[in-house]
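Notes for the one structure printed next.
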Amino acid sequence: QSALTQPASASGSPGQSVTISCTGSSSDVGGYNFVSWYQQHPGKAPKLMIYEVSKRPSGVPDRFSGSRSGNTASLTISGLQAEDEADYYCNAYAGSSNVIFGGGTKLTVL
Amino acid sequence: QMHLVESGGGVVQPGRSLRLSCAASGFTFRGYGIHWVRQAPGKGLEWVTFISYDGSHEYYADSVKGRFTVSRDDSKSTVFLQMNGLGAEDTAIYFCAKGFWEFCTGGSCYDGFDVWGHGTLVTVAS
């Protein structure tokens, strides 16, 4: 199964908002409410930021929000901060006990 | 605090085997499924395998099916990943990750990996 499609890069200035998209199909992103987003700083393990399309685990700032429209999920970061600079990955359940990740988006805070 | 610690990585020749361990602490291990996710150098994340909270179900990515086997020992709060027939394409950092939902079933088992280990590097080279 192919990886979900994410833009390779995104950028924004401190205080601005940025949205990262994750496009799949009706068999994964659009088919189940099991879409998650992860933040990964260089040399570190990924960190769960969003689960079940739009829910935030405790401890994740409310500047991070998730949404979905059809077969595309989105992660929006508002009030960008320097520490938000990282790689971001989406993943989605694809049925038959399989899950696929997006290719990742490198976010630069200008 | 919940923790996962991987071990067992190293350099191995093509065709050989390696067993990774993932030791858990800080949560009720028996209640949660555990995933392995890998990341090749400079590349993105790839899901590898999942074992259910009670060990009754195991699922694998097509890329490792038939070569990798996941298991768990609840008495040691540890999950193992036995990797056989290793090839260069298996070179990666291997992370174990805890599933978000307790006693998960079906697709919910893949919804949110909320605790990750630091990873262990596996290098397959002659």
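In segment B:1-54, which residue that is basic (Lys, Arg) and farther than 18 Å from A:GLN40 by Cα is nearest to the chain's Cα centre (by Cα)? Write out each step before concluding.
At the first step, the residues of segment B:1-54 found to be basic (Lys, Arg) are B:16, B:19, B:30, B:38, B:43.
Right, trim to farther than 18 Å from A:GLN40 by Cα and you get B:16, B:19, B:30.
Working: B:ARG16: 18, B:ARG19: 10, B:ARG30: 16 Å.
Restricting to residues being basic (Lys, Arg) and farther than 18 Å from A:GLN40 by Cα, the top hit is B:ARG19.
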Study note, to complete from the structure: Residues of segment A:74-92 being among the charged types (D, E, K, R) and within 14 Å of chain B (Cβ to nearest Cβ), in sequence order, are A:ASP87
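I need a count of the residues in segment A:67-92 that are within 25 Å of B:GLN1 (Cβ to Cβ) and not acidic (Asp, Glu). Can you show your working first?
Going through segment A:67-92, the residues within 25 Å of B:GLN1 (Cβ to Cβ) turn out to be A:81, A:83-84, A:86-89, A:91.
This time we only want the ones that are not acidic (Asp, Glu), so: A:81, A:86, A:88-89, A:91.
Number satisfying all stated conditions: 5.
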Check your understanding: Taking A:GLN40 and the conditions (1) more than 14 Å from every other protein chain (Cβ to nearest Cβ); (2) among the polar types (S, T, N, Q); (3) touching a residue at least 40 places away in the same chain (Cβ under 8 Å); (4) under 30 Å from B:GLY106 (Cα atoms), which numbered condition does it fall short on, given that it satisfies the others?
Key -> (1)
Check your understanding: Does segment B:108-120 hold any residues that are open to solvent by less than 10 Å² (accessible area, probe 1.4 Å), modelled with pLDDT under 95 and of a type in the set (Gly, Ala, Ser), and which are they?
Key -> B:GLY112
Exercise for review: Hey, can you tell me all the residues within segment A:93-110 that are free of Cβ contacts under 8 Å to residues at least 12 places away in the same chain and more than 7 Å from every other protein chain (Cβ to nearest Cβ)?
Suggested key: A:SER96
Check your understanding: When residues of segment B:9-66 are filtered for being within 18 Å of A:SER97 (Cα to Cα) and among the charged types (D, E, K, R), how many remain?
Key -> 6
Review point. Are any residues in segment B:84-101 open to solvent by 10 Å² or more (accessible area, probe 1.4 Å) and either within 11 Å of chain A (Cβ to nearest Cβ) or of a type in the set (Phe, Trp, Tyr) (or both), and if so, which ones?
Key: B:ILE93, B:PHE100, B:TRP101
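Of the residues A:ASN33, A:ASN71, only one is within 11 Å of chain B (Cβ to nearest Cβ) and either in contact (Cβ under 8 Å) with a residue 12 or more places away in the chain or within 24 Å of B:TYR94 (Cβ to Cβ) (or both); which?
A:ASN33
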Check your understanding: Which of the residues that make up segment A:63-110 are under 20 Å from A:VAL18 (Cβ atoms), open to solvent by 10 Å² or more (accessible area, probe 1.4 Å) and not in a strand (DSSP E or B)?
Key -> A:ARG63, A:SER78, A:GLY79, A:GLN81, A:ALA82, A:GLU83, A:GLU85, A:GLY103, A:GLY104, A:LEU110
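The values are calculated or read from the model by the stated rules, or taken from the named source; none is laboratory data. A quick note: this is a predicted structure, and the numbers were derived from the prediction, not measured. For neighbour counting, all protein chains shown are included, and Cβ atoms are generated from backbone atoms with ideal geometry for every residue, glycine included. Note: accessible area is taken over every heavy atom of the protein model, side chains too, but ligands, DNA and RNA are not part of it. Shrake-Rupley method; radii C 1.70, N 1.55, O 1.52, S 1.80 Å.
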